[in-house]
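The values are calculated or read from the model by the stated rules, or taken from the named source; none is laboratory data. Quantities reported herein were computed from a predicted structural model and do not represent experimental measurements. Here the Cβ positions follow ideal geometry from the backbone for every residue, glycine too, while neighbour counts run over all protein chains shown.
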Amino acid sequence: MKIIKFEFEKVLKNKIVIGSLVISFIVLLGIFFVGYNYSQFKMSERNNVNKGFPKNIDTIISQKYAGDFTDKKVQMILSDSMNQFQENEEKGVTDKPFYLFYWQMGDNFFDDDSENIYTEMIQKVKSGERLLLDDVSVHSIRDLGFTEFEKPLQIGNYVPWTDFFSVIGNINLLICVLTILICSTIFSNDTSKNVNQILLITKLGRNKMIFAKIIVGTVIPLCTLNAGIFSLMYDTSGWNSSIQTNLSMGLFQFPVEWNHLQTYLIVVLLQSIGIVFVSSFTLLISSFAKSPITSLSVSLGMFLLPQLLLQIFRKGILNKLLYFFPINNLNAQKTLELLSSEKSFLMSSFIQNLMVVFLFLITLKIIFDFITYRHMKSWHFS
């Protein structure tokens, strides 16, 4: 434990690491500010406040209808939406609030374009009438291809979770780059300063010290990731609503009966394993590099390479394999869709595809750590 503590302190005292942590913290604040302050939910919220309406009106509306997601519930929501809009129109409210929840329900379930429906409602009110739900064609839940389970899907306040899934991809990219910055120095810094000659001839140098460096290079990125992702949880209402009913993400056909929290934790687990994978190949490169700059440059290049190859290999098995790498699964929505599709990926079910990706990354992590250990254990003066 003393050796691990020593390596932790050595890494955290490194000027490059300190600078990287400070810059990462500033970038993290920027991600939060842009991701949340300029999200559709927050912008509509501010817009409603400026018009004199309650700040959390969308949350109130979505919680009002929380529960079983049925065709009857959909029709009730659409009917309330139409009545509310036409009531404001009758009162002469020119600067109407924008109800994101109502808009997305109508945009998905109205057979006609939503804007045409609203235009028709305005014309009806002008003629002293109201457009009723029976006057328009509405899709059923089955029409839109929602996955059906033994129990009805659950709908709730899904909008904050849309922001979570959007922002976590940017945070994961930041943590990956930070991981490379930190891990690229762990072995190469000692090599560049000719410290190996001293450290690796000590009694514990060849074994425990190498293990300690690998442990530090694995644990620090995970701690940073956990600090980042759990600071996202500013609003967890709607956590138990089905991921399929998130109209913003459009995962209607997602094949597993998961709610938003369960899906979020799986995404976090996948990204955590990706972070560990990134740390292991960076440590491997660092063990061979003679300077931190060389280690950093090569590691960043290797991290970005699968994204570049994806632009070249757009079809076939190689295209599918490239999605195993962390740089290509930053977008949670796209990753969930990809792993759910038998045609787009390898196996016939989402769980099987997820396990394949997990095993691939974990296996490579073990291999990389073993090579790193063997290389440093056999290190000799050049």
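Here are the numbers for this structure:
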{"quantity": "Which numbered condition G301 misses (of (1) in contact with a Phe, Trp or Tyr (Cβ under 7 Å, 6 or more places away or on another chain); (2) surrounded by fewer than 15 Cβ atoms within 10 Å (Cβ to Cβ); (3) among the small types (G, A, S))", "calculated": "(1)"}
{"quantity": "Residue tally, condition under 24 Å from the mean Cα position of the chain (by Cα), without any contact (Cβ under 8 Å) to a residue 60 or more places away in the chain and farther than 18 Å from L174 by Cβ, over the range 314-340", "calculated": "11"}
{"quantity": "Selection from the range 232-280 of residues that are surrounded by fewer than 21 Cβ atoms within 10 Å (Cβ to Cβ) and among the aromatic types (F, W, Y)", "calculated": "Y234, W239, F252, W258"}
{"quantity": "Options L309, L330: the member that is surrounded by fewer than 18 Cβ atoms within 10 Å (Cβ to Cβ) and either within 30 Å of G35 (Cα to Cα) or in contact with a Cys (Cβ under 7 Å, 6 or more places away or on another chain) (or both)", "calculated": "L309"}
{"quantity": "Only one of K2, K51, K15 that is of a type in the set (D, E, K, R), within 28 Å of V159 (Cβ to Cβ) and surrounded by fewer than 18 Cβ atoms within 10 Å (Cβ to Cβ)", "calculated": "K51"}
{"quantity": "Residue among T282, T245 that is over 18 Å from L181 (Cβ atoms) and modelled with pLDDT of 95 or more", "calculated": "T245"}
{"quantity": "Filtered residue count, the range 132-152, keeping only those that are surrounded by 12 or more Cβ atoms within 10 Å (Cβ to Cβ) and closer than 15 Å to I77 by Cα", "calculated": "7"}
{"quantity": "Flag if I351 is out of contact with any helix residue (DSSP H, G or I) (no Cβ under 6 Å at 6 or more places or on another chain), among the β-branched types (V, I, T) and in a helix (DSSP H, G or I)", "calculated": "yes"}
{"quantity": "Long-range neighbours under 7 Å by Cβ, at least six apart or interchain, first residue without any contact (Cβ under 8 Å) to a residue 60 or more places away in the chain within the range 35-55, second surrounded by 15 or more Cβ atoms within 10 Å (Cβ to Cβ) and aliphatic (A, V, I, L, M)", "calculated": "S44/L100; N48/I57"}
{"quantity": "L222 vs. criteria modelled with pLDDT under 90 and assigned to a helix (DSSP H, G or I)", "calculated": "yes"}
{"quantity": "So N116, is it surrounded by fewer than 16 Cβ atoms within 10 Å (Cβ to Cβ) and either modelled with pLDDT under 90 or not assigned by TED's automatic domain parsing to the domain that holds N329 (or both)", "calculated": "yes"}
{"quantity": "Of the criteria (1) within 20 Å of S166 (Cβ to Cβ); (2) surrounded by 14 or more Cβ atoms within 10 Å (Cβ to Cβ); (3) in the same structural domain as N189 (by TED's automatic domain parsing), which one F33 fails", "calculated": "(2)"}
{"quantity": "Candidate set: the range 61-84, residues that are polar (S, T, N, Q) and within 28 Å of the chain's Cα centre (by Cα); chosen: the one nearest to V138 (Cα to Cα)", "calculated": "S62"}
{"quantity": "Of all residues in the range 47-85 being part of a loop (DSSP other than H, G, I, E, B) and of a type outside the set (S, T, Y), the one that is modelled with the highest pLDDT", "calculated": "F69"}
{"quantity": "Residue within the range 142-157 that is over 26 Å from S242 (Cβ atoms), at pLDDT below 95 and not assigned by TED's automatic domain parsing to the domain that holds E337 present", "calculated": "no"}
{"quantity": "Residue match in the range 310-324 (condition: out of contact with any strand residue (DSSP E or B) (no Cβ under 6 Å at 6 or more places or on another chain), among the hydroxyl-bearing types (S, T, Y) and part of a helix (DSSP H, G or I))", "calculated": "no"}
{"quantity": "Subset of the range 86-110 (residues that are assigned to a helix (DSSP H, G or I) and of a type in the set (S, T, Y))", "calculated": "Y102"}
{"quantity": "The range 141-189: number of residues that are under 18 Å from D107 (Cβ atoms) and either touching a strand residue (DSSP E or B) at 6+ places or on another chain (Cβ under 6 Å) or part of a strand (DSSP E or B) (or both)", "calculated": "1"}
